[in-house]
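Some notes on the structure that comes next.
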Amino acid sequence: MLDTRPLLMVSDFPEIHRKTLDTLQINLGYKCNLSCTHCHVAAGPNRKELMSKEVVDEILQYMQLKSVGIIDLTGGAPEMNPHFKYLVREARKLGAKVIDRCNLTILLEEGYEDMAEFLAEHQVEIVASLPCYAEQNVDKQRGKGVYHESIEALKKLNILGYGKEGSGLTLNLVYNPGGPFLPPPQEALENDYKRELFQQHGIVFNQLFALTNMPISRFGSFLMSKGQFNEYMGVLKDSYSEHNLDALMCKSLISIDWEGYVYDCDFNQMLHIPLIASDKPKVRLHELFDLDLNGKPIAVADHCYGCTAGQGSSCGGALD
Ligand code: SF4
Ligand code: SF4
């Protein structure tokens, strides 16, 4: 994979600083039941990297100490970590909201048949990537048969109440463009998804997040190999909107990798750009127990323009 980091590090992106920490974005490891071609972490069934119980306990301790109200679980398929259910149960006992970045198909895998019920029982919010409402486009990005399995899993979630008004069970979907262009306006795309998924399959969901592709990892490498890197950076910079700076996700979260190291956000984690709030080249979560992050600077580089382009694209999609 071609490395975009050297092209991104000299940057004129404005200085930004942290506000109150409310979210931990936690990567539980790289094991996954799928092996998507575009996967940022090259996850797959044979990956062995999984967060240990010790690190999970460190996280629970940190949540209590800093009154963290939200945890956002990613992977791999986060549900494949053997401590997933333990973390969810304990975090819910602390009163935290839990978000599961679910690839949907895991809910149908052998050994995970009870996972959808478990998520519903603990009122876990589901954020699921569905790159398109058309079968051909999904299977191209994620593998043959993934569209059908995703539809089956969405139906299973709907039966449990997910995506239905008044159920308290939130089901949000995520769209990424299939190439070097910005996503279309989120509201119009959400209406298309809602219409098509309901008409074709009777599926309902709450919100669609339309995210901008970041010029890093596999997508960055793809841009470099096609000679489109500078052009795409130009698109992101031309679409810069200062108004998006205020709601950047990195102002209120930290990202923790499967070994317990901390970064300003998931994208910085992928680029190995350490948290600059601490002076260490690599910092573990337990080393932050005594540090107040509020007001501390955030490590930025040119990929940050992906978060401020157009409607803005943090983990929550268009920023309010
Ligand atoms: S489902 Fe997600 S984590 Fe798993 S291989 Fe695909 S992109 Fe990677
Ligand atoms: S990539 Fe986005 S979320 Fe991460 S530090 Fe830059 S602006 Fe913040």
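In this structure, is residue 69 in contact with a Lys or Arg (Cβ under 8 Å, 6 or more places away or on another chain) and at positive phi?
Numbers: in contact with a Lys or Arg (Cβ under 8 Å, 6 or more places away or on another chain): yes; at positive phi: no.
Judged against the criteria, residue 69 is not a match.
What are the pairs, 6+ residues apart or on separate chains, where a residue within the range 259-283 that is at negative phi has its Cβ under 9 Å from a residue that is aromatic (Phe, Trp, Tyr) and at pLDDT below 95?
273/267
Looking at the structure I just gave you, is residue 43 buried (at least 22 other Cβ atoms within 10 Å of the Cβ) and either of a type in the set (Gly, Ala, Ser) or free of Cβ contacts under 8 Å to residues at least 24 places away in the same chain (or both)? Explain how you work it out, then say what you get.
Values: buried (at least 22 other Cβ atoms within 10 Å of the Cβ): yes; either of a type in the set (Gly, Ala, Ser) or free of Cβ contacts under 8 Å to residues at least 24 places away in the same chain (or both): yes.
Spelling it out, residue 43 is indeed buried (at least 22 other Cβ atoms within 10 Å of the Cβ) and either of a type in the set (Gly, Ala, Ser) or free of Cβ contacts under 8 Å to residues at least 24 places away in the same chain (or both).
Which fully enclosed helices (runs of 4 or more DSSP H) of the range 212-320 have 2 or more residues being within 18 Å of the chain's Cα centre (by Cα) and more than 13 Å from ligand 2 (Cβ to nearest atom)?
Numbers: elements: 217-225, 229-238, 266-270, 305-308.
Once the helices (runs of 4 or more DSSP H) in the range 212-320 are filtered for at least 2 residues that are within 18 Å of the chain's Cα centre (by Cα) and more than 13 Å from ligand 2 (Cβ to nearest atom), what remains is 217-225.
Wholly within the range 116-206, which helices (runs of 4 or more DSSP H) include no fewer than the required count, namely at least 1 residues that are more than 20 Å from residue 102 (Cβ to Cβ)? Show your work before the answer.
Details: elements: 135-142, 146-159, 186-201.
Those helices (runs of 4 or more DSSP H) span 135-142, 186-201.
I need the full set of residues from the range 74-93 which are surrounded by fewer than 18 Cβ atoms within 10 Å (Cβ to Cβ) and within 16 Å of ligand 2 (Cβ to nearest atom), in order please.
Result: no residue meets the conditions.
Could you please tell me which pairs satisfy a Cβ distance under 8 Å, a separation of 6+ or placement on different chains, a first residue in the range 8-27 that is among the polar types (S, T, N, Q) and modelled with pLDDT of 95 or more, and a second residue that is open to solvent by 50 Å² or more (accessible area, probe 1.4 Å) and in a loop (DSSP other than H, G, I, E, B)?
Between residues of the range 8-27 that are among the polar types (S, T, N, Q) and modelled with pLDDT of 95 or more and residues that are open to solvent by 50 Å² or more (accessible area, probe 1.4 Å) and in a loop (DSSP other than H, G, I, E, B), the close pairs are 20/294; 27/258.
The values are calculated or read from the model by the stated rules, or taken from the named source; none is laboratory data. Since the structure is predicted, the reported quantities are computational estimates derived from the model, not experimental observations. Cβ: placed from backbone, ideal geometry, glycine included. Neighbour counts: every protein chain shown. To get the accessible areas, we keep the full protein, side chains included, count just its heavy atoms, and leave off ligands, DNA and RNA. Shrake-Rupley method; radii C 1.70, N 1.55, O 1.52, S 1.80 Å.
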